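Heads up, the thing below is written out as structure tokens.
Since every read-out is calculated from the coordinates, none of them should be taken as a lab result. On a predicted model such as this, the values are computed, not experimentally measured, just so you know. Every residue, glycine as well, gets a Cβ built from its backbone with ideal geometry; the counts of neighbours run over all protein chains shown.
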Amino acid sequence: YWTRVPAGSAFAAGIRGGTLWAWGSNISGQVGDGTTTPRTAPVQVGSDTNWVEVACGASHALALKADGSLWVWGNNAQGQLGLGDQLNRLAPVQAGIGKTWSRVFAGLNASAAIAADGTLWTAGENSSGQSGRGGVEPLLTLSQVGSSRNWQHVALGEQNLVAIQSDGSF
């Protein structure tokens, strides 16, 4: 059975029995199968069986494995994959190496992740300051937002980000 099924603008992904699947538009590689071929039915992304969470943006995705590693793929025009560049990835690539991650979130052209230590990290489009880090330039690498260590949930819109801490504040 499916345990996660988020949708992006014209694609979706899901986790079934620890395996990762995706389907839909694939112009930027957002399906993650190593191609840009549109998929009208779910295709398995790689062969790993330890996926636990996935989030879909407009045309990019982030996912977590059971070991807390963070993986990203798809459109990276605004640096939303957090890899330090603006090159699209057609298959999952590990990001945020050196940290253990607990949650992932995706917006239009931005991404956010909560590390196991409760810190909040963002990457991608920042034209309205939605990264929470100031400025309006895209963030090409995952960057920590503030110093709080009790973030619980994030919602990303088209050009905004809201995050809730464990005490209910944001």
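Residues that are without any contact (Cβ under 8 Å) to a residue 40 or more places away in the chain, closer than 27 Å to G98 by Cα and assigned to a loop (DSSP other than H, G, I, E, B) within region 32-64 comprise S47, D48, T49, N50, listed in sequence order. A116 passes every criterion in (1) without any contact (Cβ under 8 Å) to a residue 40 or more places away in the chain; (2) more than 13 Å from Q78 (Cβ to Cβ) apart from (1). Residue under question is V43, and the condition is that it be aliphatic (A, V, I, L, M) and under 14 Å from the mean Cα position of the chain (by Cα); does it hold? Considered against the rule, which asks whether it is aliphatic (A, V, I, L, M) and under 14 Å from the mean Cα position of the chain (by Cα), V43 comes out as no. Taking region 65-83 as the range and being in a loop (DSSP other than H, G, I, E, B), surrounded by fewer than 24 Cβ atoms within 10 Å (Cβ to Cβ) and of a type in the set (A, V, I, L, M, F, W, C) as the test, the residues that pass are A66, A77.
For region 1-30: of the residues being closer than 19 Å to A77 by Cβ and free of Cβ contacts under 8 Å to residues at least 24 places away in the same chain, which is surrounded by the fewest Cβ atoms within 10 Å (Cβ to Cβ)? If we take residues in region 1-30 being closer than 19 Å to A77 by Cβ and free of Cβ contacts under 8 Å to residues at least 24 places away in the same chain, then G24 is surrounded by the fewest Cβ atoms within 10 Å (Cβ to Cβ). Against the list (1) at positive phi; (2) free of Cβ contacts under 8 Å to residues at least 60 places away in the same chain; (3) small (G, A, S), the condition S128 fails is (1).
Does S148 satisfy being within 19 Å of the chain's Cα centre (by Cα), small (G, A, S) and surrounded by 14 or more Cβ atoms within 10 Å (Cβ to Cβ)? Judged against the criteria, S148 is not a match.
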